Amino acid sequence: MNAGAIPAPARHRGRFAPSPTGPLHFGSLVAALASACDARHAGGEWLLRIEDVDLPRNRPGADAAILRALERFGFAWDGPVLRQSARADVYGDALRSLQRQGEVYPCVCTRRELEAAALGPGGERIYPGTCRQGIPAALAGRTARAQRLALAGDTGACIEFRDRLQGRQRQDLRAEVGDFVLRRADGLFAYQLAVVVDDAAQGVTHVVRGADLLSSTARQIYLQRRLQVATPAYLHVPVAVNADGAKLSKQTLAAPLPADALPALRAAWRFLDQPLPQGSAEPASVAEFWQHAIAAWSVARLPPTLQLPAPAGFASRAAG
Ligand code: GLU
């Protein structure tokens, strides 16, 4: 990929990038609402991308259900929906350009072997570099190969950035993550590569998403530098957690968004501690809600924290 191919858009451009692993839940609504309001409040565009790059995790029909739910909740996106599953050739180009720069190497380590590696502060295993200098002779017979990024040996892999809400961040990728996977042994491209290629291709200037992805951001900024594409501004909103402190997700049986959009939109708005209309009268319709939300959106009001409890009724299927 070359920097000249993608002109940086002059406008503010945000995006929402759900993975179709199940129906949208309250946590996804919060991320969608925050990213849409942030873009529209600034007079910018808001794009939608279906992150279905991890094929085995996709659930049949989930992408159509996500689009329907977003429409029902009054979200309106600009331009066509981008689908990662159709973009393997573009990710392949990016991988090849890193390979030409000598920054990629094959790795035959199994998941089980990597379970013995040290845990990084983000809870992920730090790749110990087993295959960095070539596949060790004892493992030479293996065929399944992931492709890993060889992180720079100097301080080039220490990434610092300022999140618009969470403040100054610093991650030493070599010490805390290790050479990470760009293409998996099953041939699928890794989320980290796909998201960087797509944010650049879509000209995204402002990424707003859940704080569970804060720890991925340094990897993405590193890749942006290696691929010579622009780094967007980042804002990570608090993640909604259930009574056990676990992020709402398919695995934690998060309740799908209810049929009635307005109470859920209001709950997401309150979750983000956003200003209510003058006199505190709640908007009476979805259209009114959006009118107020786009005008009143305030980054200064967002709670600068990584997680918050989901409101009662939205946390889990069992409870709600
Ligand atoms: N697809 C990711 C998710 O659903 C979001 C990725 C992103 O916003 O960068 O969690």
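Structure notes:
- Residue within segment 196-208 that is within 15 Å of the ligand (Cβ to nearest atom), closer than 26 Å to Ala36 by Cα and either among the hydroxyl-bearing types (Ser, Thr, Tyr) or in contact with a His (Cβ under 7 Å, 6 or more places away or on another chain) (or both) present: yes
- Per-region count, segment 220-247, residues within 11 Å of the ligand (Cβ to nearest atom) and more than 19 Å from Arg15 (Cα to Cα): 1
- Within segment 192-219, the residues that satisfy the criterion of being within 20 Å of Leu119 (Cα to Cα) and not aliphatic (A, V, I, L, M) are Gln192, Asp212, Ser215, Ser216, Thr217, Arg219.
- Restricting segment 4-15 to residues that are part of a loop (DSSP other than H, G, I, E, B) and either among the aliphatic types (A, V, I, L, M) or modelled with pLDDT of 95 or more (or both) leaves a set whose member that is nearest to Val197 (Cα to Cα) is Ile6.
- Helices (runs of 4 or more DSSP H) wholly inside segment 43-114 that include at least 1 residues being over 30 Å from Ala137 (Cβ atoms): 62-72, 88-100
- Unmet criterion (only one of (1) under 20 Å from the mean Cα position of the chain (by Cα); (2) more than 21 Å from Gln220 (Cβ to Cβ)) for Tyr91: (2)
- The C-beta contact set for segment 16-29 (first residue modelled with pLDDT of 95 or more and more than 8 Å from the ligand (Cβ to nearest atom), second residue part of a loop (DSSP other than H, G, I, E, B) and among the small types (Gly, Ala, Ser), distance under 6 angstrom, 6+ apart or interchain) comprises Phe26/Ala310.
- Condition check for Ala201 on (1) surrounded by fewer than 18 Cβ atoms within 10 Å (Cβ to Cβ); (2) over 18 Å from Tyr91 (Cα atoms): one failure, at (2).
- Of the numbered criteria (1) over 26 Å from Cys109 (Cα atoms); (2) more than 21 Å from the chain's Cα centre (by Cα); (3) not charged (D, E, K, R), the one Leu165 fails is (2).
- When segment 69-92 is filtered for residues that are surrounded by 13 or more Cβ atoms within 10 Å (Cβ to Cβ) and charged (D, E, K, R), the ones remaining, listed by number, are Arg72, Asp78, Arg83, Arg87.
The rows are residues; the columns are (1) surrounded by fewer than 17 Cβ atoms within 10 Å (Cβ to Cβ); (2) modelled with pLDDT of 95 or more; (3) within 26 Å of Leu272 (Cα to Cα); (4) touching an Asp or Glu at 6+ places or on another chain (Cβ under 7 Å).
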| residue | (1), (2), (3), (4) |
| --- | --- |
| Leu139 | yes, no, no, no |
| Gly156 | yes, no, no, no |
| Asp172 | yes, yes, no, no |
| Val195 | no, yes, yes, no |
| Ser216 | no, yes, yes, no |
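- Tyr127 vs. criteria among the aromatic types (Phe, Trp, Tyr), modelled with pLDDT of 95 or more, in a loop (DSSP other than H, G, I, E, B) and over 30 Å from Ser298 (Cα atoms): yes
Table: residues versus (1) within 16 Å of the ligand (Cβ to nearest atom); (2) at pLDDT 95 or above; (3) among the aromatic types (Phe, Trp, Tyr).
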| residue | (1), (2), (3) |
| --- | --- |
| Gly43 | no, yes, no |
| Val53 | yes, yes, no |
| Arg87 | yes, yes, no |
| Asp93 | no, yes, no |
| Val108 | no, yes, no |
| Gly120 | no, no, no |
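- Residue match in segment 256-267 (condition: more than 11 Å from the ligand (Cβ to nearest atom), at positive phi and surrounded by fewer than 15 Cβ atoms within 10 Å (Cβ to Cβ)): no
The values are calculated or read from the model by the stated rules, or taken from the named source; none is laboratory data. It should be emphasised that the depicted structure is a prediction, and the values quoted were computed from it without experimental measurement. Neighbour counts are summed over all protein chains in view; Cβ atoms, including those assigned to glycine, are modelled from backbone coordinates with ideal geometry.
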